[in-house]
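Colleague: Starting off with a structure, shown below.
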Amino acid sequence: MREPGIGVRSRVVAKMRSGLQVHALLPIVAQFRGYRTEWLVSDLMAGLAVAAVALPTGIAYPAIAGLPAETGIYASILALIGYATFGSSRQLIVGPDVATLTVLAAALAQLSIDGPQDRAVAAAAFAVLVGILCLVCAACRLGLIANFLSRPVLTGYLCGISLSLLASQIGRLTTLHVESQGLVRPLMEASSQLHLIHGPTLAIGLVAFLFLRVLKRAVPRIPGPVIMLVLGTFVSIMFDLQSIGIPLLGPISSALPNYAVKVPDIIHFDDFVLSALGILVVSFGSGIITARSFGDKNRYRVDANRELVGLGAANLVSGTFGGFPVTGADSRTAVNDAVGGRTQLTGLVAAAALIFVLVALTDVLKYLPVAILGAILASTAVDLFDIHELRRLWRASRVEFLFAVIAIAGVVGLGVLKGVIIAIGATIIYVIAIGARPRDALLGPVQGRSGLYKLHREPSAKPISGLAIYLVQGDLVFFNVDYVRNRIRWIVDRLPPSTHWFIIDAQSIAFVDVTAAAALDQVREDLYQRRIRLGFANLHSQPRTLLRRSGLLEKVGAEMAFERTEDAVLAFASRPTK
């Protein structure tokens, strides 16, 4: 006879497991499940504030990649909904981003895609592919790719982007036709056409830029781009700026986003995928840093793989409905946090507000002068150039500052896509450079104190006569083992002739590869020629296993593998002497 209640308990457990699965798939469900009524007003106000900031960026940023203005609004709306549903951050706001769009512009140029319609189709396809790649990376647990853009390199990369973006606004602010990319070449090209500058366009652009900079410094909480959009449109209508030759934004489609997936047939698939990978690295690298920063600030954990899912969903829906690749937007996220947004309801409210703008206000926005957009983008470029972070890097580490400069030079001198490769390459070189020359030290005791100390740091530490204890502070792998072997040879050449044992303290060696094992065997043979025995202490599991399988521990002898360095000292002191 079945025990009463077992069936009920099993059903409860099943429901709990089902609920956990839903929460894992849709983090927004977990956010709403614990929702507090006192958060509602803050989330609503934050959503409206985010929409106010997202509107000018949504209209202005598509121009970076030569896309129609409405694609920016589409990308903003759909990305907000996609990320709010699947993302793990409670504060992150996704949408158009300068760095991502600059990489997209470079990708479109490299693939020779011209014409607004073709560019819009290709941009949407890029967004879909980036979304798919994000989901594949999440399924493979590749969130660690975020770690390949170190903060110094990302700082340099964004500074390079800011300079390129600033130079790219010359045409919008002056009506000059400038085709070059980067920083120096656009300036040189523009300098040869100074007589063609349209004075009224330049004047309204400069006034707008100065207004934005003053407002940013005087009242940073006020969304200057929104005010500039309103004022620019009002002045354009009142004084008929188009009649004096000032270019206007023109008609913006008021149609709501609809299903528009189309695979461009004018590009090669392999080039398409490689460019999408470049966009993915930059967008995810920028987004995860923003998400983690605000997660730390608000004391909750942001999972990199879950962020890949959220970013993938945002890009998929953006591209599926006519948008372009998106990422986490630090300025809009900062606005959300400052106003008090607590959950992703903020993103949904912002999306609803942008839908209202798209339906009701596009007939007015067509009168916006293009120079105003150029001023907004130029002001954004100035904000993107983080001089304070560069100064901090200079003070803290000249080497890391150098990598930031390399990233800047890569973007400005060779273009954005190559700049992505250079930025990642610089990071990898930096990591290898750190690991290629691990720190080391000889150890010795201090009279009256327990333990062993580094001889070069502790003046009262003395070497043990006849015994050398060598500490390596890093893993031993193929690219650094020659350096370590040469260091050991250099040290052994300077040891007293009475030295009989050479013990490697492996407490900081977590990993050893086959190349390192072979090199250590050569060290053993060199020491043997000098009548010195090699030994190990504090071997971790992986190094011990590999050295045993390689045969080195057998050659060294079980009696020369010690659990602790102190055990080696005791064994040396008690060894039989002739």
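Bear in mind these aren't lab numbers, they're just calculated from the coordinates by the rules spelled out. Note that the structure is predicted; figures quoted are calculated from it, not measured. Here Cβ is always computed from backbone atoms with ideal geometry, including for glycine, and neighbour counts include all displayed protein chains.
Colleague: Quick one: Karplus J couplings for region 178-195, per residue in order, coefficients 6.51, -1.76, 1.60, θ = phi - 60°, nearest Hz, x for Gly and Pro?
Modeller: 10, 9, 5, 10, x, 10, 6, 5, x, 5, 5, 5, 5, 5, 7, 10, 4, 5
Colleague: In straight Cα distance, which aspartates and glutamates are under 13 Å from K366, not counting same-chain residues fewer than 8 positions off?
Modeller: Hits, sequence-local ones excluded: E70, D240.
Colleague: Can you give the convex hull volume per residue for the Cα atoms of region 439-573, as a whole number of Å³?
Modeller: Normalising the Cα hull of region 439-573 by residue number yields 99 Å³.
Colleague: Sticking with the crude label model, points 7 Å out along Cα→Cβ, report the distance from K418 to S541 in nm, one decimal please.
Modeller: 4.7
Colleague: Shifting gears a bit: Going Cα to Cα from K297, which aspartates and glutamates come in below 13 Å? Please leave out same-chain ones fewer than 8 positions away.
Modeller: D337
Colleague: Continuing with the same structure: For D567, what is the net charge nearby, where nearby means another residue's Cβ is under 14 Å from its Cβ and Lys, Arg count +1, Asp, Glu -1? Show your work: numbers first, answer last.
Modeller: Values: positive: R564, R575; negative: D505, E559, E563, E566.
Taking every Cβ under 14 Å from that of D567, the sum is -2.
Colleague: Which net charge results for the neighbourhood of A63, defined as the other residues with beta-carbon distances under 13 angstrom from its beta-carbon, given Lys and Arg at +1 and Asp and Glu at -1? Please report the intermediate quantities before stating the final value.
Modeller: Numbers: positive: R119, R172; negative: E70.
Once positives and negatives cancel, what remains is +1.
Colleague: Follow-up question, since we're still on this one. Which one of G319, S191, L92 is farthest out on the positive end of the charge dipole of the chain, using unit charges on Cβ (Lys, Arg +1; Asp, Glu -1) and the Cα centre as origin?
Modeller: Projecting each Cα onto the dipole axis, the largest value belongs to L92.
Colleague: Quickly rank 172-180, 525-533, 126-134 as a protection proxy: mean count of other C-beta atoms within 10 Å, highest first.
Modeller: On the way: 172-180: 18.4, 525-533: 13.8, 126-134: 24.8.
Going by the mean number of other Cβ atoms within 10 Å, highest first, we get 126-134, 172-180, 525-533.
Colleague: Also: If I model a spin label at K454 and N298 as a point 7 Å from the Cα along the Cα→Cβ vector, what separation in nanometres do I get?
Modeller: Each label point lies 7 Å from its Cα, and together they span 4.1 nm.
Colleague: Please work out how much length the chain gains when fully extended from S192 to L495, using 0.36 nm per residue of separation minus the C-alpha to C-alpha distance, in nm with one decimal. It would help to have the intermediate numbers written out before the result.
Modeller: Numbers: separation 303, 0.36 × 303 = 109.08 nm, distance 6.93 nm.
Fully extending the segment from S192 to L495 adds 102.1 nm.
Colleague: Once you sort the root eigenvalues of the Cα gyration tensor of region 524-578 as a ≥ b ≥ c, which label holds: rounded (a/c under 1.5), prolate (a/b larger than b/c) or oblate (the other case)? Can you show the working numbers first?
Modeller: Numbers: a/c = 2.47, a/b = 1.24, b/c = 1.99.
Oblate.
Colleague: Applying the Karplus parametrisation 6.51 cos²θ - 1.76 cosθ + 1.60 with θ = phi - 60° to the phi angles of region 477-484, what ³J(HN,Hα) value in whole Hz is obtained for each residue in order, glycine and proline being reported as x?
Modeller: Once θ is set to phi - 60°, the couplings for region 477-484 become 9, 4, 8, 10, 6, 5, 4, 5 Hz.
Colleague: Provide the gained length on full extension for the span L48 to A409, in nm with one decimal, where the gain is 0.36 nm per separating residue minus the Cα-Cα distance. Present the calculation step by step, with values, prior to reporting the outcome.
Modeller: Numbers: separation 361, 0.36 × 361 = 129.96 nm, distance 3.88 nm.
126.1 nm is the gain from fully extending L48 to A409.
Colleague: If every alpha-carbon in region 286-408 counts as one equal scatterer, what log10 I(q)/I(0) does Debye give at q = 0.17 1/Å?
Modeller: -1.24
Colleague: Could you pull the Rg and Dmax for the chain, using just the Cα atoms, both in Å?
Modeller: 30.6, 106
Colleague: May I ask you to derive the FRET efficiency for A518 and S574 from their Cβ-Cβ distance with R0 = 25 Å, giving the value to the nearest 0.05?
Modeller: The computed FRET efficiency comes out at 0.20.
Colleague: Something else about it: With +1 on the Cβ of every Lys and Arg and -1 on the Cβ of every Asp and Glu, and nothing else charged, how large is the dipole of region 291-436 about its Cα centre, in debye rounded to the nearest 20? Could the numbers behind the result be given before it?
Modeller: Working: 13 positive and 10 negative charges, 58 e Å.
The calculated dipole for region 291-436 is roughly 280 debye.
Colleague: Could you name the aspartates and glutamates in cross-link range of K454, using Cα to Cα under 17 Å and dropping any fewer than eight places away on the same chain?
Modeller: D440, D505, E566
Colleague: May I have the pair-distance distribution P(r) for region 62-153, computed from all Cα-Cα distances with 10 Å bins from 0 and rounded to whole percent?
Modeller: Taking every Cα pair in region 62-153, the percentages come to 14, 41, 36, 9.
Colleague: Any idea which of V477, G250, V556 is furthest toward the positive side of the dipole for the chain, if Lys and Arg beta-carbons carry +1 and Asp and Glu beta-carbons -1?
Modeller: Value computed over the given set: V556.
Colleague: If packing is taken as the mean number of other Cβ atoms within 10 Å per residue, what is the order of 347-355, 289-297, highest first? Walk me through the intermediate numbers first.
Modeller: Values: 347-355: 22.3, 289-297: 19.0.
Ranking the peptides 347-355, 289-297 by packing returns 347-355, 289-297.
Colleague: If you don't mind, another one. Among H540, V492, Q522, flag the residue with its Cα farthest along the positive direction of the charge dipole of region 439-573, charges on Cβ as +1 for Lys/Arg and -1 for Asp/Glu.
Modeller: Farthest towards the positive end: V492.
Colleague: To the nearest 20 Debye, how big is the dipole of region 439-573 about its Cα centre, given +1 on the beta carbon of each Lys and Arg and -1 on that of each Asp and Glu? Numbers along the way, then the final one.
Modeller: Working: 18 positive and 15 negative charges, 56 e Å.
Magnitude of the dipole: close to 260 debye.
Colleague: Nearest 0.05, what FRET efficiency do V219 and D567 give at R0 = 45 Å with Cβ-Cβ as r? Working shown, then result.
Modeller: Working: r = 67 Å, r/R0 = 1.50.
For R0 = 45 Å, the calculated efficiency reads 0.10.
Colleague: Follow-up. What is the set of long-range amide H partners of R342 at a cut-off below 5 Å, with H atoms built 1.01 Å from backbone N?
Modeller: The answer is D43.
Colleague: Explain nothing, just compute: Karplus ³J(HN,Hα) = 6.51 cos²θ - 1.76 cosθ + 1.60, θ = phi - 60°, for every residue of region 120-130 in order, whole Hz, x for Gly and Pro.
Modeller: Result, rounded to whole Hz: 5, 5, 5, 4, 5, 5, 4, 4, 4, 5, 4.
Colleague: Scan around I504 for amide H atoms under 5 Å from its own, H built in the peptide plane at 1.01 Å from N, and keep only partners 5 or more places away or cross-chain.
Modeller: Distant-sequence amide H within range of I504: Y470, G535, F536, A537.
Colleague: If each residue of separation counts as 0.36 nm, what is the full-extension length gain between A360 and A510 once their alpha-carbon separation is subtracted? Walk me through the numbers before you get to the answer.
Modeller: Details: separation 150, 0.36 × 150 = 54.00 nm, distance 6.21 nm.
Gain in length upon complete extension: 47.8 nm.
Colleague: On to the next question. Report the local net charge at G295: Lys and Arg +1, Asp and Glu -1, summed over other residues whose C-beta lies under 9 Å from its C-beta. Don't skip to the end; give the middle numbers.
Modeller: On the way: positive: R90, R292, K297, R299, R301; negative: D296.
Taking every Cβ under 9 Å from that of G295, the sum is +4.
Colleague: Under a Cβ-only charge scheme (Lys and Arg +1, Asp and Glu -1), can you give me the dipole magnitude of the chain about the Cα centre, in debye to the nearest 20?
Modeller: Values: 52 positive and 38 negative charges, 456 e Å.
I would put it at about 2200 debye.
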